[in-house]
Structures are given as structure tokens and as C-alpha cells.
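Notes to accompany the following structure.
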Amino acid sequence: MSVVSGVLLAGIALPAAGGVGLAAKDTAEGFDEVPDDFKTPPLTQATQIFDAKGGLIAKVYERDRTVITADQMSPFMRHAQVDIEDARFYEHGAVDLKGVLRAISKNAESGTTAQGASTLTQQYVKNVNVEQAGDDRDAVLEAQRKTLGRKIQELKVAIKLEEDLPKDQILTNYLNITYYGNGAYGVEAASRRYFGKSNKDLTVAEAAMLAGLVQNPSQYDPKLHPQAAQNRRDTVIDKMVENKHITADQAKEAKAAPLGLNYQAPQNGCITAQAGMGFFCDYVRHVVKQDPAFGKSADERKKVWNTGGLNIHTTLDPDKQAAAQNAVTSNVRVTDSVSAAVSMVEPGTGKILAMAQTRPYGLDSNKNQTVVNLNVDSAMGGGNGFQPGSTFKPVVAAAALEAGLSATQEYSSPNKLEYPTMKTCEGTWKNEARPRTVVPNESANEKGPYQLKEAMALSVNTYFVQMEQEIGLCAVKQMANKLGITTRASGKPLEEVPAMALGVEEMSPLTMANVYATFAAQGTHCTPIAINKITTVDGKDVPVPAGHCEQAFSESTARALNTVLNGVTENNGTGAALNLEDNRQIAGKTGTSDHKKAAWFNGYTPQLATAVWLGGPDGGVEMRDITINGKHRTEVFGADGPGPIWRDAMDQALKGTPKQSLPMADIPDPAPRPNPTGTGATTAPPATTPPAQQH
């Protein structure tokens with residue numbers, strides 16, 4: 001009791017100016033300074049994520065709060081809150097003796113403890129303790145416990161706080177931290193929640209209604225209990241008149257006004273994003289929680305995200321996002337057994353411009369929603385990826401060209417081939433299976449010899465296995481690493497096996513889009529980036545992950561690859577049917593995995609690289625005898641499945657942009673071959689089967 005009396009007397013003695021009467025060291029040992037968390041508490045705020053043109057993608061928060069300064073608050077709001085909660089706030093110290101005596105008297109008369117005596121400063125201290133407890137239920141209950149020890153601690157902090165901070169600042173802090181119901185913390189979030197406007201624009205009646213909520217946000221909820229809310233509002237208005245903060249005429253007008261709600265339902269999280277941007281939003285969340293730029297430890301990075309108060313300006317181009325989203329949803333139905341995903345990357349910068357998929361972002365499986373981002377690796381919110389099939393063959397070609405092989409390199413390319421012995425980074429791979437593993441070409445009449453241009457255009461499997469044997473598996477793995485393929489999408493390491501040339505190791509669309517962006521950027525590889533800039537709510541810059549670019553291979557190799565991959569989209573190439581509306585120059589590669597469980601088309605122009613995947617979301621759907629978008633298909637290939645999605649997305653994304661040419665190399669066509677009939681006539685290299693039947 002002596003301690004309590006000492007604390008109370010010290011608080012009573014402290015005047016509003018805080019200049020005399022308190023000997024804190026004599027009253028409470030070890031209480032020399034108020035912790036900074038009480039002076040300027042690190043309040044949880046909402047983070048806003050914007051696209052590259054400033055459009056809001058989503059608002060995410062643990063607690064919906066926007067911290068504002070005193071001059072950004074309505075004077076009516078400040079007066080109303082003081083008048084209803086602690087009318088003598090500017091007259092007493094941290095403890096209000098009159099309030100204590102009044103509460104004792106009232107409670108004695110009623111035989112209850114209904115009348116409280118906490119000052120606004122004491123309430124603020126309690127709110128800080130609750131805020132610091134976060135989502136820890138036990139810690140919150142502890143912060144709210146009405147024990148003698150807890151009360152003494154709050155009083156001590158409140159007393160010292162009134163020494164260190166002006167009353168106006170304490171009030172500002174209080175108005176930013178207090179809960180106003182319906183998920184709104186602080187007066188700015190509350191103003192926007194109930195009235196759809198900023199706090200500084202509130203009327204007397206609106207400010208009074210908000211101020212009245214603090215005592216019991218549930219009981220006075222204007223949505224559920226409008227009459228109770230109006231009665232409480234009018235009580236606050238009466239207090240404002242009593243304390244001469246408004247006139248009687250203002251009060252009369254305010255009481256006559258309806259509640260005038262313009263309720264804005266909470267819009268929290270990536271699930272609220274429109275135009276298919278939810279998956280990209282979730283990718284940004286993974287970046288913040290994983291990149292060391294936002295903290296050395298996982299806990300530090302989690303705190304950055306949860307504390308919020310950030311304005312994250314991303315690389316997402318809303319026009320290209322719309323193009324990608326329209327392409328996947330118009331070619332594949334959400335109810336189909338397969339799905340499609342599209343990633344767009346800007347060559348030379350690594351900026352992710354679009355990320356779309358057929359199935360919407362959400363938790364309702366009955367609506368075919370998912371939160372698995374099929375565009376990205378497992379670590380970034382995706383699945384285990386998909387076999388890229390023949391879209392990996394350009395990686396082998398890049399490794400071979402860098403190793404010094406000619407762009408006219410020719411191999412016998414038989415129709416079938418036993419995987420030969422190959423050198424790895426650590427030793428030798430041998431075909432020790434019995435019977436030995438054989439790699440076939442797609443069709444029975446597909447046999448060489450072939451050179452690189454036609455082998456790529458027709459996607460000849462045995463050609464690239466022979467190329468892989470000559471340069472070694474280690475060279476292929478090292479080139480893959482340079483292009484950003486350091487692991488499989490699951491995070492498992494790449495395996496040095498001959499079948500890697502045929503794309504058997506699972507990748508994500510974003511990874512493959514970035515590989516092809518490197519081809520488009522003349523060999524300059526940039527790590528994918530999703531964030532351009534981050535600022536705090538008060539305008540301070542926050543360091544963001546820096547883009548990193550380096551030369552993965554020579555420009556001469558890039559020119560040769562452009563020429564070879566351009567051939568895929570021309571003449572008898574597997575992607576010949578995918579020309580764009582404006583006939584601008586393109587390059588790319590089709591790909592189909594084993595058993596038709598995944599089909600791809602990855603292609604680019606100088607300013608945009610796009611990868612499209614089509615298949616079962618869990619990788620288990622064989623695309624044979626299947627219906628997609630209402631059309632029955634005997635089987636699906638890269639050119640006729642994902643190809644049209646790629647074409648539609650690129651047509652819309654590039655519409656109105658300048659045409660640019662790809663730097664090309666002069667690679668002569670193969671010499672005519674002897675006619676197999678033995679007549680002595682010559683023929684051009686065989687076209688084998690029509691492009692639609694290719695892989």
C-alpha cells in the first residue's frame with residue numbers, strides 16, 4: 001500500500017506542464033527513463049503493394065493501421081476523444097485525483113467497480129503493452145490483467161511519460177494506437193473503415209461517433225447496433241459542448257445528422273488483389289521474408305513484414321499482367337483438368353513484368369482456387385515445378401557454342417540412340433542399365449544427319465544428346481547455373497545426367513522466362529527482381545534487393561542462338577504457327593515432357609521474354625484424349641497447347657510498342673542431301689512431320 005500511495009501521490013503532484021513535484025528516483029527505484037517503445041512505439045501498420053504504374057495491388061496487414069501526425073488529424077477528433085475519455089487530461093498529471101475520488105464514491109454507492117479512474121495516459125500505456133504482445137494470446141491476456149503489480153507498472157510508466165512527452169504528443173500516440181472495432185486500429189484506419197475518408201475530413205458527428213467506440217467497440221458497433229452507436233455519439237457531442245469545444249448550434253446540427261456510414265469492408269492480403277495479381281503479391285511477400293536486404297535473420301524479416309507501414313512499389317506492369325491473365329483464362333478454363341501459367345520478364349533488367357495463371361488465388365478448392373503459385377519455385381510459394389522438355393535444349397546449345405563448337409555443327413542424329421558415356425564435373429556417367437537406356441526422336445522418320453539450325457527447328461532429341469556428349473555434362477550444368485538454374489524448382493540439386501538435355505529436371509515458368517530473357521539480352525543474365533522501391537509511410541527509403549546482372553555468354557553466342565531459335569518459329573520449325581499479329585521478329589522453343597504431362601512455349605522479342613506452361617497443377621495429367629477450353633485434343637504439344645497462349649499474351653502485351661530486331665548471325669543452311677531413292681537427285685533437309693505434331 002505504501003508503494004501504491006507513493007506512486008499515486010507522485011502522479012497527482014505532477015502538473016500538466018510536467019515541471020515540478022515529481023521525484024521519481026525517490027518514489028520508484030530503477031525508473032530513470034521511459035523505454036522508447038512507449039515514447040514512439042513501433043506500431044503495426046498496413047503495408048501497401050503497388051504495380052509499376054502506381055496502382056494498388058493489395059493492402060496487407062496484421063493490424064490495419066496508418067500512423068498519422070497531429071496536424072493530419074481532425075481537431076474535432078482530438079477534442080471528442082479527450083472529452084469523452086478524460087476531460088481533465090490537460091489539467092491533471094498521470095493520475096487524476098478527482099477521477100479517483102469520484103470513482104471510489106460512485107463504486108461505493110453502486111456496490112460495483114463499474115466506474116474506472118484511468119487517465120488517457122494510463123490507457124495509452126496499457127495499449128502499448130497490448131500492442132507489444134502482438135498475436136501472442138497469453139501475452140495479450142497478461143498485458144490486460146488487472147493486478148496490483150500490473151497497475152503499478154502502468155502508473156510508473158505513465159508518470160514518467162508525462163515528464164518526457166508533451167500532452168499533445170501523448171494524445172497523438174493514443175489516437176494512433178487505439179482500437180476502434182471492425183479491424184481498425186488508430187483514427188485514420190477507423191475513419192476510412194466507417195466513413196471512407198481521411199480523419200482530417202471528419203465532421204463533428206463523425207468524429208464523435210468514432211470517439212464513442214473506444215469504450216466498447218462491439219457494443220457501439222454502428223453496423224450491428226446503429227441506435228446504440230447514435231446514442232453514444234450524442235453523449236460525446238454533449239461532452240464536447242460541456243467542455244466548450246463546439247457550440248450549441250454545432251451540437252444541434254451534429255445530433256440531427258444520420259450516422260452517415262460509408263462502410264469499407266476490410267481488404268486484407270493478397271487474396272484481395274484483382275486481375276490475377278494475387279500470386280505476384282504473394283511472391284513479393286516471400287521476397288521480403290527471405291531476402292537478407294530486409295534483415296539478417298528470419299525473425300527480423302518477419303518483423304519488417306508484420307510491422308508494416310511500407311509502400312512497396314513493384315515491377316509488375318499492369319498492362320502486361322492483363323495481357324497474360326487474358327491469355328491464360330481465354331485459352332484454358334478454370335474447371336479444366338489442366339492449368340496454364342505465364343511469366344514475363346524484361347530482358348537486360350530481370351524485372352518481372354507479369355505473372356498469371358488460370359486458377360485464381362484463394363482458399364476455396366470448390367471454386368478451383370489455389371494459393372500455390374505455379375510460376376515460381378517451391379521456396380517462393382510455388383510447387384515442385386514441371387519438366388521443361390525441349391525448351392531446355394537451347395541451354396545445351398549455348399554451352400556448346402561457348403565451348404567453341406560451330407553453329408553449323410553436324411551430328412549423325414539417328415532415330416534412336418543409346419545414351420553414351422559422358423563426362424561430369426566429378427567424374428563419368430555411364431549407361432549401366434540393362435537393357436541400356438535409349439533416347440528416341442519424336443517420329444520414326446526423324447533421322448539425320450542434322451546441323452544445329454534444323455535440329456533445333458525440328459527439336460531432334462538425338463542431336464542434342466550427341467552434342468551433350470561432346471562438350472560434357474559439366475559444361476551443360478555450368479551454363480545452366482550461369483542462366484540462373486542452380487537447382488530444380490523443388491530446391492533439390494541438378495543432376496548431371498544425359499536426359500537433362502531433354503528437360504527432365506523440373507523448372508518453374510519464371511526460371512525459364514528469365515533464361516530466355518538472357519538470350520534476348522545478348523547473353524546478359526539478370527537475377528529476377530520484383531521490387532523497384534520501398535518507402536515508409538513518412539517517405540523514408542528502405543533498401544531493396546539490388547538487381548544483379550552479368551554476362552553469361554558472349555554476344556556472338558547470343559546472335560547464333562537468336563538465329564537458331566528464330567528458325568523454330570519459321571518455315572518448318574515446331575513453332576512456325578506462332579507468328580505475332582504485326583509480324584515482328586520472334587524467337588523461341590517448344591517443349592513437351594514425357595507422357596505429355598507438361599507442354600511449353602518459351603519465346604521472346606528484344607524487349608520481352610515470356611514462358612508459358614500448360615499441364616496438370618500437380619503434374620499428374622497426361623494430355624492425351626483430353627478436353628481443354630471445350631475443345632477435344634488427341635494429344636497436346638508445345639506448339640498447339642501453350643503456343644497460342646504465348647501468342648495471345650505477346651500480341652496484347654506488345655501492341656503499340658516499337659518493333660525491334662534481334663541481333664542475328666549468318667549461319668548457312670545445310671547443303672542439300674542425296675535423294676534416298678538413289679536417282680542421283682538431291683533434296684532439301686526433310687521436314688519430317690507437320691509442325692503441329694512436333695515437340
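The values are calculated or read from the model by the stated rules, or taken from the named source; none is laboratory data. None of the values given here were measured: they were computed from a predicted structure. Neighbour counts run over all protein chains shown; Cβ positions are idealised from the backbone, glycine included. Areas reflect the complete protein model, heavy atoms only, side chains present, ligands, DNA and RNA absent. Shrake-Rupley method; radii C 1.70, N 1.55, O 1.52, S 1.80 Å.
How big is the charge dipole of the chain about its Cα centre, in debye rounded to the nearest 20, if each Lys and Arg gets +1 on its Cβ and each Asp and Glu gets -1 on its Cβ? Mind showing how you got there, number by number?
Working: 68 positive and 76 negative charges, 171 e Å.
Its charge dipole is roughly 820 debye.
Order 560-570, 82-92 from most to least packed using the mean count of other Cβ atoms within 10 Å. Walk me through the numbers before you get to the answer.
Details: 560-570: 24.5, 82-92: 18.7.
Packing order, densest peptide first, comes out as 560-570, 82-92.
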Practice prompt. Enumerate the calculated ³J(HN,Hα) couplings along segment 202-218 in order (Karplus 6.51 cos²θ - 1.76 cosθ + 1.60, θ = phi - 60°), each rounded to whole Hz, writing x wherever the residue is Gly or Pro.
Written response: 5, 7, 4, 5, 5, 4, 5, 5, 5, 4, x, 6, 4, 4, 7, x, 6
Response to the item:
Residues whose built amide H sits under 5 Å from the amide H of Tyr411, excluding neighbours closer than 5 in sequence, are Tyr450
Fill in: Heavy-atom accessible surface of the chain: percent carbon and sulfur, 1.4 Å
49
Worksheet item: How many angstrom lie between the C-alpha centres of segment 306-325 and segment 216-240?
Response: 39
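Per residue, how much accessible area does segment 390-519 show when a 1.4 Å probe rolls over the protein heavy atoms, in square angstrom? Kindly include the intermediate steps, with their values, before the conclusion.
Values: 4740 Å² over 130 residues.
On a per-residue basis, segment 390-519 sits at 36 Å².
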Worksheet item: Projected onto the charge dipole of the chain (+1 at Lys/Arg Cβ, -1 at Asp/Glu Cβ, origin at the Cα centre), which of Thr437, Thr536, Phe89 gives the Cα projection farthest towards the positive end?
Response: Phe89
Worksheet item: When the Karplus curve 6.51 cos²θ - 1.76 cosθ + 1.60 is applied with θ = phi - 60°, which whole-Hz ³J(HN,Hα) does each residue of segment 250-257 get, with x for Gly and Pro?
Response: 4, 5, 4, 5, 5, 5, 6, 6
Worksheet, complete the sentence: Rounded to whole angstrom, the alpha-carbon centroid of segment 529-562 lies from that of segment 374-430 at a distance of 26
Worksheet, complete the sentence: Sorted by chain and number, the residues with a modelled amide H under 5 Å from that of Leu417, at a separation of 5 or more or across chains, are Val439
Worksheet item: Near the amide H of Ile57, under 5 Å away, which other amide H atoms are found, from residues 5 or more places off or on another chain, if H is placed in the peptide plane?
Response: Ile49, Phe50, Asp51
Worksheet item: Which whole-angstrom value gives the distance between the alpha carbon centres of segment 580-631 and segment 435-510?
Response: 18
Worksheet item: What's the FRET efficiency of Ala671 with Lys200 using the Cβ-Cβ distance as r and R₀ = 60 Å, to the nearest 0.05?
Response: 0.15
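Figure the gain on full extension for Ala293 and Lys223 (residue separation times 0.36 nm, minus the Cα-Cα span) and round it to one decimal in nm.
Values: separation 70, 0.36 × 70 = 25.20 nm, distance 4.27 nm.
This chain segment gains 20.9 nm when fully extended.
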Worksheet, complete the sentence: Given a Förster distance of 35 Å, the FRET efficiency implied by the Cβ-Cβ spacing of Gln660 and Lys303, rounded to the nearest 0.05, works out to 0.20
Discussion item. On C-alpha positions alone, give me the angle between the axis of helix 298-307 and the longest principal axis of the chain, in degrees, nearest 10.
Written reply: 60
Worksheet item: For segment 658-664, in order, what is each residue's ³J(HN,Hα) by Karplus, 6.51 cos²θ - 1.76 cosθ + 1.60 with θ = phi - 60°, in whole Hz (x at glycine and Pro)?
Response: x, 6, 10, 9, 7, x, 10
Worksheet, complete the sentence: Expressed in nanometres to one decimal, the distance between label points 7 Å along Cα→Cβ at Asn216 and Glu253 is 3.2
Worksheet item: Where does helix 97-110 land angle-wise versus the long Cα axis of the chain, in degrees 0 to 90, nearest 10?
Response: 80
Worksheet entry | segment 356-461, Rg to Rh (Cα coordinates; Rh as Kirkwood inverse mean 1/r) | 1.12
Discussion item. Can you give the FRET efficiency to the nearest 0.05 for Lys533 and Arg434, using r as the Cβ-Cβ distance and R₀ = 51 Å?
Written reply: 0.30
Practice prompt. For segment 322-381, report the accessible area per residue in Å² (1.4 Å probe, heavy atoms, rounded to an integer).
Written response: 35
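Could you do me a favour and compute the accessible area per residue for segment 152-272, 1.4 Å probe, result in Å²?
The answer is 42 Å² per residue.
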